[in-house]
Structures are given as structure tokens and as C-alpha cells.
1. Where residues in segment 250-292 are at pLDDT 85 or above, assigned to a loop (DSSP other than H, G, I, E, B) and not aromatic (F, W, Y), which of them is surrounded by the fewest Cβ atoms within 10 Å (Cβ to Cβ)?
2. For segment 329-343, give me each residue that is out of contact with any strand residue (DSSP E or B) (no Cβ under 6 Å at 6 or more places or on another chain) and more than 14 Å from the ligand (Cβ to nearest atom).
3. Would you point out the residue of segment 203-222, among those that are surrounded by fewer than 17 Cβ atoms within 10 Å (Cβ to Cβ) and aliphatic (A, V, I, L, M), that is nearest to W184 (Cα to Cα)?
4. For V295, indicate whether it is surrounded by 24 or more Cβ atoms within 10 Å (Cβ to Cβ) and among the aliphatic types (A, V, I, L, M).
5. Picking from L178, L153, which residue would you name as being assigned to a helix (DSSP H, G or I) and either modelled with pLDDT under 95 or touching a Leu at 6+ places or on another chain (Cβ under 7 Å) (or both)?
6. Quick test of your reading of the structure: R255 fulfils all but one of (1) more than 20 Å from N143 (Cβ to Cβ); (2) in contact (Cβ under 8 Å) with a residue 12 or more places away in the chain. Name the failing condition by number.
7. Of all residues in segment 181-215, which are assigned to a helix (DSSP H, G or I), of a type outside the set (S, T, Y) and either out of contact with any Pro (no Cβ under 9 Å at 6 or more places or on another chain) or within 14 Å of the ligand (Cβ to nearest atom) (or both)?
Amino acid sequence: MLQWIFPAKWSLGDPFGSILRGGRQKRRRRREPLRADHPAPANSPTLLPPTLVDGVASMPEKIIIDTDMSIDVDDVGALCVAHALQDRNEAEILAVLHDTGLDKGVGAISVINHYYGRDDIPIGAYRGPLGRPSHTPGPGWTNHGKGWYVDDLVDSFPSPIKDASQVDDALTVFRRALAGAPGWRQVTVVAIGHATNLLALLQSPADAISGWTGLELVRQKVKQLVWMGGSYWVKDRVEWNWGACGGWATPNVSRCGEYARLAQLTSDALAAWPVEVPTTFLSFDIGFWVRSGGVLKTRRHSPCRQAFVDFCGITGGSGGLPQWCDDRGRNAWDLIAVVLAVRGAERINHHLLPGGNMFDAATGLNTWTDDPHQDGWGHFQAWAREDSYNVRRDAP
Ligand SMILES: [Ca+2]
């Protein structure tokens, strides 16, 4: 089904500075000692003053992260960046939701939260079939849905939670986090995975947690949705978060198990999101041209670093996909989404372009149309005229 969603457009300057530019990373020659006995850095109990932005104090941005931490490693980078922003008093992570069916992915989230000294952040688990290894016959690069770093993080680093059985379901945690958030529209939802939890929230009735339905909770509590999803510069590319292998009418979808249902699910979530709550879409194309993780040469006992070592197939890692990395690391899709959500487009030299998305559940393809007249309500694509995400400066 074709449907118009009116979103907005935007782009990001160089939001991560030296972190994302990255340096050359030496390949490790041998596996390092087990990391589980390494003490996690204590989170400073000191109450930090409000962040100063252009001399004006600003409060930390309240964020809920909805991640498919499982196959690709940019989810790890994104959660680590979110913690680093919280260390700087720029962000406050209200909850982390897991939106795919790899149960140990919840454990990987807990490893990272624990590393940053924040075991108190609620984690919610998706319990459906999407992304579950038993429902994921291919494609091969997914390692049958298990990815390349989750097992290593959970088995080698300390954390109070090891898998999804130890946490509440994502919808419960989502509703609880929104209902408990103070004020009107103070929460930014950062969606860096699939729309399983978003759709569940939008379809949820009032319950003991809140007398509001999910849709009403969004309208009352959510300031904006920053969604890493869709392809905006290349018209015929199905972006993984939204369409995986393509919609139900495409031939490839038969090889992807439960992912065959994803495009329809995404379509339903896009259609259900209330247009009066702004949505910023981050294009696949922007994140594609930014690399991250390659600079993680110090802090060798960091799960943030080890996940990139595993995914990128660096010596000491679990194998992974070296052909998907370079010396600067892996594409920075999800990391950019977090920084955009916390710092806003202007601070990272981007602006928001209003427009609309047309999403086709049959193919998993989206089509963006600029529309300056839609500036007042709704949806944007991030954009930065001066950046060069479409030009690789250091290309040979
Ligand atoms: Ca992701």
C-alpha cells in the first residue's frame, strides 16, 4: 500500500568531531586478556551544572533509545555516544528499548549501561519473531540474526542482565518511561532499529501504567521522533531498518524469514504516528558517508571498542565483516541519530527540510518529496548544505 507520510528533511555537519573522523586503527596481533574482570569506570556522582549552549544554560535532553542491537555495530556506537553525552550533562537516557528478537541483545545493552555505571536505566525487550535467529534464515551477513559482537560482549563483560528473560517487555517500559516523564513533550525518541516497539506503543490501549493510550502518550509526552530510516538520495534502495530485504511483493523477501513482514509493519507505524509530533528522518545516505569506531584504540577493555573489533573482523575479534569496515570503522548511521536528537540540527551544522515521505509496503521503498509549505507541522529530513556526506573527502 502506498501512503504519504509528511516528514521533514535535514542533514548533519560533522557531529562527532574527532570521534567520527577517526584515525587509522592498528590491527591487533593477538587476543587480549579476558575483559570481564576489568572494573567498569565509576560514573561520577557529581551533579553537573546545566550545559551551556551559546552562553545559555540548557537542560539535558531526555531521550528514549529504541535499538535493534544485534547485527550491525553502529547501535553499540550510538548507545556509547548517548552515555558520553550524558556524562557531559547533555542527555538523560530515560530507557533503552530493544526492538528485535535476539534475546542476548538485551544483555549487550546492559553491558554498555553497566560500563558507564548506569545499571538503573530501564531496558525493555521485544518478544516477537522479527529478527529472532529461529526466524532468520538469511541473508548470510546477519549470521542468522546473531550478528558478530553480542555473544562476545555478554559472555566477556560484566552486566546484571544477560538476556531478555530478565527484563520487562518493551511496550511496558516504553509506556512507563513516557508516563513518568515530567511536563509536556519533553522526551525525544531516537529510533535506530525496526518499528516493532513504536507500532506496539501507537496501538496500545490505556492500562494500569497510564490512563492514556499510546497515541495519547506520544501526543502528550514526546517532543520529537528522530528516526534513522529510509533512503533519500538513492531512489531504489530499500533501507534495512524500514524494509530489510524488501516488501512482501519483492522476490528477495522470501529469503528473509520474518523480515518479510517488516515493510508492512513500518508502513503501519509511519501511518499511525501523529503528524503534530515532529519527526526527523535521518537518511541512510548521510550515515553511509561517515565512519566511526576506528579511533577506539585506547580503553582496550571497553565494550564499545570490542564490539567494533568483533564486527570489523579485527584480530582479537570474533570474525565479523571486515569488508564492511575501513580503518575509520563502520558507517555511523545510528550514532548520528543520537547526536542529532541530543544536540539538534543547528548545533551540528544541519538544518531541517520539511517535506513528505511516501512509503510502499509492497516494496519497502520510500520516496521523499520536499515541501517547504509543510514547515509548520510535522516531518523533516536533516540536511546540511555545507557538508559533504555525499563526497568522500579522503577517497583515493
Ligand atoms: Ca540499528
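1. Filtering first and then ranking leaves E276.
2. Residues satisfying the conditions are V339, R343.
3. Out of the qualifying residues, it is A206.
4. Against the criterion (surrounded by 24 or more Cβ atoms within 10 Å (Cβ to Cβ) and among the aliphatic types (A, V, I, L, M)), V295 does not qualify.
5. L178
6. Just one mismatch for R255, condition (1).
7. N197, L198, L199, A200, L201 - these are the residues of segment 181-215 that are assigned to a helix (DSSP H, G or I), of a type outside the set (S, T, Y) and either out of contact with any Pro (no Cβ under 9 Å at 6 or more places or on another chain) or within 14 Å of the ligand (Cβ to nearest atom) (or both).
Residue-wise test of (1) within 29 Å of L94 (Cα to Cα); (2) among the hydrophobic types (A, V, I, L, M, F, W, C); (3) surrounded by fewer than 24 Cβ atoms within 10 Å (Cβ to Cβ).
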site: I314; (1), (2), (3): no, yes, yes
site: G319; (1), (2), (3): no, no, yes
site: W324; (1), (2), (3): no, yes, yes
site: G329; (1), (2), (3): yes, no, no
site: I336; (1), (2), (3): yes, yes, no
site: V342; (1), (2), (3): yes, yes, no
site: E346; (1), (2), (3): yes, no, yes
site: N349; (1), (2), (3): yes, no, yes
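The values are calculated or read from the model by the stated rules, or taken from the named source; none is laboratory data. Since the structure is predicted, the reported quantities are computational estimates derived from the model, not experimental observations. Ideal geometry is used to build each Cβ from the backbone, glycine not excepted, and the neighbour counts take in all protein chains shown.
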